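Let me begin by presenting the structure, written as structure tokens, before commenting on it.
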Amino acid sequence: MEYPKINSLWKRAEDHNFIEGDYSCPEFASINKWRVQEKIDGTNVRVHIYRYRKPENKTEAALINAFEPKENIYLASKMFNSECSIEIHGRTNKAQLNQKLIDFIWNKHFETKLDLFPINGEVYSTVLFGEGFGAGIQSGGIYRNDISFILFDVYMGGRWSTREEVKHLANLLELETPHDFGMMTQDEIISFIKSKPRGMYGANTITTPKNIFIAAAGTGIIVKPSPNYILEGIVARSEPLVRFNNNQASPVMWKLKVKDFKGD
């Protein structure tokens, strides 16, 4: 399951500039206020967590044990105790993966927290959607000097999670989520982006006077610098959650980037 494409607010002309007022999706015109989060500049990652019913006989166990773990530039997968398998993909099945990013995700040991991913029937799938970011990934060095994974959406139980559900699950999995700017109207969002605001990643953590990355003594916690970069952009989502009338019933959402208004 790939993450739905996030359209810009408006359509673009042949010169790639916006046609302001001409919505890229008609649904955008009918929503007054949007939930706004920081858009992190990184690489799209999806983590598929499959839970299986425990095998009842040797034949079923043999079928499950035939699972072949894979590690290559397109896919990383592991099987855990015949009850769970996890796959790590990029945005598409052909997107290449950064090995340090893969290692970071494996080290989160989601297989030890299976109670968070309920099973229903033979097999149950949860998909964690996030951004791999940090030094060496896009412009990720502005956020931190190592590599990390930030969770921005979840598909679980045959539906998309709410913002509160995503944040709750992220806390339980010890993952970060993008900064939440709260509810805004479309006009407020446009004015906000045109003001070229500072990004907020790291704003709610302890900082050092020299704004350097250090490991807090005895805690293993990475102390991040206070924000000192221009926001890349935002993602605006409908709230309460409204879904497109498509195969995935994906959430109604759009994006805007600061560079979209470079002439303003």
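The values are calculated or read from the model by the stated rules, or taken from the named source; none is laboratory data. Keep in mind that this is a model prediction, so the values were computed, not measured. As a convention, Cβ positions derive from the backbone with ideal geometry for all residues, glycine included, and neighbour counts pool all protein chains shown.
Results for (1) surrounded by 13 or more Cβ atoms within 10 Å (Cβ to Cβ); (2) at pLDDT 85 or above; (3) not in a loop (DSSP other than H, G, I, E, B); (4) not hydrophobic (A, V, I, L, M, F, W, C), shown as yes or no for each residue.
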{"residue": "D15", "(1), (2), (3), (4)": "no, yes, no, yes"}
{"residue": "F28", "(1), (2), (3), (4)": "yes, yes, yes, no"}
{"residue": "Q37", "(1), (2), (3), (4)": "yes, yes, yes, yes"}
{"residue": "K54", "(1), (2), (3), (4)": "no, no, no, yes"}
{"residue": "Y74", "(1), (2), (3), (4)": "yes, no, no, yes"}
{"residue": "I86", "(1), (2), (3), (4)": "yes, yes, yes, no"}
{"residue": "H89", "(1), (2), (3), (4)": "yes, yes, yes, yes"}
{"residue": "T92", "(1), (2), (3), (4)": "no, yes, no, yes"}
{"residue": "L97", "(1), (2), (3), (4)": "yes, yes, no, no"}
Handout entry: Matching residues in segment 163-179 - criterion: being in contact with an Asp or Glu (Cβ under 8 Å, 6 or more places away or on another chain) and touching a residue at least 24 places away in the same chain (Cβ under 8 Å)
Key = R163, P178, H179
Completion exercise
Of those in segment 18-36 that are of a type in the set (S, T, N, Q) and touching a residue at least 60 places away in the same chain (Cβ under 8 Å), the residue farthest from E188 (Cα to Cα) is S24
Practice task
Looking only at segment 137-184, count how many residues are among the aromatic types (F, W, Y) and either touching a His at 6+ places or on another chain (Cβ under 7 Å) or within 19 Å of E111 (Cα to Cα) (or both).
Solution key: 2
Exercise for the section: Quick one: in segment 104-142, of everything that is of a type in the set (F, W, Y) and in a helix (DSSP H, G or I), which residue is surrounded by the fewest Cβ atoms within 10 Å (Cβ to Cβ)? Expected result: W106
Exercise for the section: From the list G130, G134, pick out the single residue that is in contact with a strand residue (DSSP E or B) (Cβ under 8 Å, 6 or more places away or on another chain) and at positive phi. Expected result: G134
